[in-house]
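K.L.:
Structure incoming, see below.
Every number in this text was worked out from the coordinates using simple rules, so none of it is lab data. Only a predicted model underlies this, so the values are computations on that prediction, with no experimental measurement involved. Note that we place each Cβ from the backbone using ideal geometry, even for glycine, and neighbour counts take in every protein chain shown.
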Amino acid sequence: MSEGLNCSLALTLDTQHGDSVFLKGVRASARAEAAGLRCEQQVNAVVAALDVGPKIQHSFVSAGWHCLAFAYVRGGHADLGPGSRHLAAVADTLRRVPDGRLPRLALPHFAERFAAHLRPDEARALAGPHLLHTDTNPHNLLIEAESGRAYVVDWAMPARGPAWGDAAYTAVRLLECGHPPRSARQWLAGFDSWRAAEPASVAAFVNAVCRQWVATVGERDAEPSNARFRSLLG
């Protein structure tokens, strides 16, 4: 597989049993990548139970490699552009993600992602018990060809947080793919969690992301992305 980041090995394998698997792997010595793969393995039982992502069929560590083999999704990446027929399927899947039960999973809290850029009151505003993917870019959204169902893949950065978190991130991706702000907010309005979100919580999220981008790339280079996040505030 030629697309994707943060894994050294990405293969589609046809097995002797006649089915296929998606195999991804990293060198065990690559600490950050290996940590992401362990996160993905940790949450997979929840993800598979919700039917929002493919189930891990096999896992192994051998010869310095850590590998996971997933049930293969026959299809392609989601189209998030205006008028796409994939938008409803993506929304349907993202509505189910926060329902995951996480009592024994030691996931980081969403606010920790922005720890250096949050005031104490803003950190409390981003608290929540819900499962979040936090990186719903089109390459991590697959549409199964036969059923039209959407799946979220690459769970390397999961977190606990507010139920609307992934919907908000995905709305920004819609803006990147050509939607005007009104269209992205209309798509967001289809989420009960977004309609119920406290304005102060959404503002804390937008402000934290903007401060983080400015600190990372500077105010000028951060402005295009930050403008998209600010548009969530309407």
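K.L.:
Given the alpha-carbon gyration tensor of the range 77-137, what are the semi-axes of its equivalent ellipsoid in whole angstrom, ordered largest first, with each equal to the square root of 5 times an eigenvalue?
P.N.:
27, 16, 10
K.L.:
Can you compute the modelled spin-label distance between residue 59 and residue 112, with each label point 7 Å from Cα toward Cβ, in nm?
P.N.:
Spacing of the two 7 Å Cα→Cβ label points: 1.8 nm.
K.L.:
Could you work out the pair-distance distribution P(r) of the range 14-96 from its alpha-carbon pairs, with 10 angstrom bin width and percents rounded to whole numbers?
P.N.:
15, 37, 33, 13, 1
K.L.:
Also, quick follow-up: Once the Cα atoms of the range 15-165 are picked out, what are the Rg and Dmax in Å?
P.N.:
16.4, 56
K.L.:
Name the residue farthest towards the positive end of the dipole of the range 32-134 from the options 134, 61, 82, assuming +1 on Cβ of Lys and Arg, -1 on Cβ of Asp and Glu, about the Cα centre.
P.N.:
The residue sitting most towards the positive pole is 61.
K.L.:
Also: Subtract the Cα-Cα distance of residue 182 and residue 195 from 0.36 nm times their separation in residues, and report this length gain in nm to one decimal.
P.N.:
Once the chain is fully extended between residue 182 and residue 195, it gains 3.2 nm.
K.L.:
While we're looking at this one, here's another question. Rounding to the nearest 10 and keeping the result within 0 to 90°, find how far the Cα-based axis of helix 87-96 lies from the longest principal axis of the chain.
P.N.:
Rounded to the nearest ten degrees, it is 90.
K.L.:
Once you keep just the Cα pairs under 8 angstrom separated by 6 or more residues, what percentage relative contact order results for the range 179-234?
P.N.:
Working: 24 pairs, mean separation 22.2, N = 56.
This gives 40 percent for the range 179-234.
K.L.:
Moving to a separate point now. Go ahead and run the numbers for FRET between residue 146 and residue 203, Cβ-Cβ distance against an R0 of 30 Å, rounding to 0.05. Each step should come with its number before you reach the end.
P.N.:
Values: r = 42 Å, r/R0 = 1.39.
Computed FRET efficiency for residue 146 and residue 203: 0.10.
K.L.:
Using 10 Å bins from zero, what percent of all Cα-Cα pairs in the range 98-198 falls into each bin?
P.N.:
Each 10 Å bin holds this share of Cα pairs: 14, 40, 37, 7, 1.
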